[in-house]
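One structure is given here, and the rest of the page talks about it.
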Amino acid sequence: MADEKANKDAYSTTGGPGDSRKVGMSTFLIHGTAQTARWDFSHHPVPPLSSSVTYRLDSAERGGRGFLEFGRRPEEDTQPVYIYDRLDEPTRSILEDDLARAEGGEVCCTFSTGMAAISAALGVLLKPGDHIVAYGTIYGCTYSLLTRWLTRLQIATTFCDFTEVQNVRAAIRPETRVIYAETPANPTMEMVDLGAVCALRDEINATRPADQRVHVLIDNTFASPYCQRPLEWGVDMAIESLTKNICGFGTDMGGAVICGRRYEEALFMYRKDFGGVLSPKSAWAILVYGLSTLTLRVKRQIQTAFKVAQFLEGHPKIGKVHYPGLPSHPQHALALKQMRSTLGTFAPGTLLYFETREEGEPARARSLINWAAKHSYCITLAVSLGNIRTLIEAPGIMTHAALPPEAQKQGRIAPNGIRLAFGLEKAEDIIRDLEEGLAQA
Ligand SMILES: *Cc1c(COP(=O)(O)O)cnc(C)c1O
């Protein structure tokens, strides 16, 4: 299994029939598929930014074929019939093809934001009366989507702690259709054993008819396909907020669902009818600047995360440091197994979470964050992650404020918890700012 995963850094260039050349992920994400009938941009080193809402159709019959084929892309490499931006569009399609390959999936459907992607993934699988088992430690808006909106459609969610797979097993009901989690979890950096969760799903599905099966959905935003490819572990759908690591510069929003072909038609139909399409202008920026530099940026951010994690772990004013790369992380062994670049190198992610030592109220955590907001040169108080700038935030009162105090406690989101999402600055400069901030805290 490990050897198989180490060999994922071999993306075929498909420079035409008979071309068997293979390249690494970093090269592939710059050049993509060299030649394809799906668009004719082979004379453009940079793909053009297509921004046509509607498309000229050569004949009524060709237009008819476009409508008929929509959502069911032909297996073979044939020229698509573009009709209208909300249905399908070439710049977005290039991004989708590259992303599908990066995550090791057959298809990718992009959306206007990560939340639009999550809504669509759940939307195509669920109907009233169905049930979700979700990790309690999740992105605040995902929690809000499940508890505020899906409940109105009689779709209930049981939240539990996914660090122990038997909790997931205990929460499964006959109506359960979706198992949903983030790993590493936001913000605690706890991990879900993807192989174990998929084995549980297989065991349950073995006794169920096809329309009652359970699907495993993993939000891979924190890891990005550089660090982890959930589909390799058998997950049904990997979801990305493209806004974060993949866009990488904090300039554009986007989301994506990457999965097998069996979900393709439903996802594209859902996107067409609910309308949350990714703007081609954003798709272009994410493709040209984001995806092509992903491996370079993430590699650098991981190096920084290691250095800062070690600094924080040795600081007297800091309690726990949660980074899957640290041997002190309770699930370090799982991280070593699951978080690997396509080259096979250890890739434990670009964020860390830590707790300041406090006596009672989280005064020190607040003081450090507010110091950073006013005086730090290279640490910015802001939500989001996967940016070129290093961002700091207090999940309990910011990103995870939607979780009630009880849910936060269950999710081990501490009032003195601080999340750092690394940018591309020099690690020593980030450490100097933290040192200064901690000195006064
Ligand atoms: C940001 C984020 C989302 C939502 O993505 P948007 O692009 O902001 O809609 C979902 N999941 C995780 C883990 C995120 O960090």
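How much accessible area does E435 have with a 1.4 Å probe, in Å² rounded to the nearest 10?
Rounded to the nearest 10, the figure is 90 Å².
On a 1.4 Å probe surface of the protein chains, which of T33, T345 comes out largest in accessible area, and what is the full order?
T345, T33
Could you list which residues have their amide H under 5 Å from that of L381, counting only those 5 or more apart in sequence or on another chain, with H placed in the peptide plane?
Hits under the 5 Å cutoff: I392.
Please name whichever of Y55, V107, A285 sits farthest to the positive end of the charge dipole of the chain, dipole taken about the Cα centre and charges placed at Cβ: Lys and Arg +1, Asp and Glu -1.
A285
Can you tell me how segment 112-177 classifies by the Cα gyration tensor, rounded, prolate or oblate, using a/c under 1.5 as the rounded cut?
oblate
Assigning unit charges at the beta carbon (Lys, Arg +1; Asp, Glu -1) and nothing else, what dipole magnitude in debye, to the nearest 20, does segment 2-61 show about its Cα centre?
Charge dipole of segment 2-61: 140 debye, to the nearest 20.
Skipping prolines and chain starts, which residues have an amide H placed within reach, meaning under 5 Å, of the one on D219, given they are 5 or more residues away or on another chain?
HN-HN under 5 Å from D219: A181, E182, T183, I239.
Given Cα pairs under 8 Å that are at least 6 residues apart, what percent is the relative contact order of segment 229-386?
19
Within segment 296-440, what whole-number % of the accessible surface is contributed by carbon and sulfur, with the 1.4 Å probe and all protein chains included in the calculation?
Working: 3550 of 6450 Å².
The C+S portion of the solvent-accessible surface of segment 296-440 is 55 percent.
Would you kindly derive the ³J(HN,Hα) couplings of segment 323-330 from the backbone phi angles with the Karplus curve 6.51 cos²θ - 1.76 cosθ + 1.60 (θ = phi - 60°), listing them in order in whole Hz, with x for Gly and Pro?
Ordered by residue, 3J(HN,Hα) equals 9, x, x, 7, x, 6, 5, x Hz.
Report, in debye and to the nearest 20, how large the dipole of segment 68-288 comes out about its Cα centre when Lys and Arg carry +1 and Asp and Glu carry -1 on their Cβ.
I would put it at about 660 debye.
Taking Cα atoms, how many degrees apart are the long axis of helix 292-313 and the longest axis of the chain, rounded to 10 and kept between 0 and 90?
Once rounded, the angle reads 10 degrees.
Let me make sure I get this right: for segment 211-303, a, b and c are the square roots of the gyration tensor eigenvalues over alpha carbons, sorted descending. Under 1.5 in a/c it's rounded, otherwise prolate if a/b > b/c, else oblate. Which is it?
Numbers: a/c = 2.77, a/b = 1.30, b/c = 2.13.
Verdict is oblate for segment 211-303.
In square angstrom, what is the accessible area per residue of the chain with a 1.4 angstrom probe?
Per residue, the chain has 42 Å² of solvent-accessible surface.
Can you give the charge dipole size of segment 296-440 about its Cα centre, rounded to the nearest 20 debye, using +1 on the beta carbon of Lys and Arg and -1 on the beta carbon of Asp and Glu?
Magnitude of the dipole: close to 480 debye.
For W284, what accessible surface area do you get with a 1.4 Å probe? Give it in Å², rounded to 10.
Roll a 1.4 Å probe over it and W284 shows about 50 Å².
So what is the relative contact order for segment 46-126, in percent, with contacts set as C-alpha pairs under 8 Å and at least six apart?
Details: 46 pairs, mean separation 20.4, N = 81.
With pairs under 8 Å counted, the relative contact order is 25 percent.
Over 22 Å between Cα atoms, which of K8/K299; K317/K374; K299/K426; K307/K426; K22/K307; K127/K272 qualify? Let's see the in-between values first.
Details: K8/K299 17 Å; K317/K374 20 Å; K299/K426 13 Å; K307/K426 10 Å; K22/K307 33 Å; K127/K272 19 Å.
Long pairs (Cα-Cα over 22 Å): K22/K307.
For a quick check: with amide H placed at 1.01 Å from N, whose amide H comes under 5 Å from V178's, ignoring anything fewer than 5 positions away on the same chain?
Hits under the 5 Å cutoff: H131, V133, H215.
Could you work out the helix-only [θ] at 222 nm for the chain, with each DSSP H run of four or more residues adding -39,500 (n - 2.57) and the total divided by the number of residues, to the nearest 500 deg cm²/dmol?
Details: 16 runs with 155 residues, N = 441.
Calculated at 222 nm, the ellipticity per residue is -10000 deg cm²/dmol.
If the cut-off is a Cα-Cα distance under 17 Å, which lysines reach K281, setting aside same-chain residues fewer than 8 apart in sequence?
K244
At 1.4 Å probe size, with no ligands or nucleic acids counted, give the accessible surface of S20 in Å², nearest ten.
Accessible area, nearest 10 Å²: 100 Å².
According to the square roots a ≥ b ≥ c of the eigenvalues of the Cα gyration tensor, what is the shape class of segment 296-440, taking rounded for a/c under 1.5, prolate for a/b larger than b/c otherwise, and oblate for the remainder?
Note, shape of segment 296-440 comes out oblate.
Against the longest alpha carbon principal axis of the chain, how many degrees, from 0 to 90 and to the nearest 10, is the axis of helix 264-274 turned?
Roughly 80 degrees, rounded to the nearest 10.
Report, to the nearest 10°, how far helix 194-205 tilts away from the longest principal axis of the Cα atoms in the chain, using its own Cα long axis and a range of 0 to 90°.
60
Highest mean first, how do 57-63, 21-27 rank when packing is the count of other Cβ atoms within 10 Å averaged over residues?
Taking the mean over residues of other Cβ atoms within 10 Å, the ranking is 21-27, 57-63.
Using a 10 Å cut-off on Cβ atoms, rank the peptides 268-281, 114-127, 241-254 from the highest mean neighbour count down.
Packing proxy ranking, top to bottom: 241-254, 114-127, 268-281.
Semi-axes of segment 176-334's equivalent ellipsoid from the Cα gyration tensor, sqrt of 5 times each eigenvalue, largest first, rounded to whole Å?
With the √(5λ) rule applied to segment 176-334, the semi-axes are 30, 24, 11 Å.
Quick one: divide the alpha-carbon radius of gyration of the chain by 2.2 N^0.38 Å and tell me what you get.
For the chain, the normalised Cα radius of gyration comes out at 0.99.
Rounded to the nearest 5, what is the percent of antiparallel bridges among the DSSP beta bridges in the chain?
So the antiparallel bridges amount to about 55 percent of the total.
The values are calculated or read from the model by the stated rules, or taken from the named source; none is laboratory data. Small disclaimer: the values here were computed from a predicted structure and weren't measured. Quick reminder, even Gly has a Cβ in these numbers, built from the backbone with ideal geometry, and neighbours come from all protein chains shown. Side chains are part of the model used for accessible areas, which takes the heavy atoms of the whole protein and leaves out ligands, DNA and RNA. Shrake-Rupley method; radii C 1.70, N 1.55, O 1.52, S 1.80 Å.
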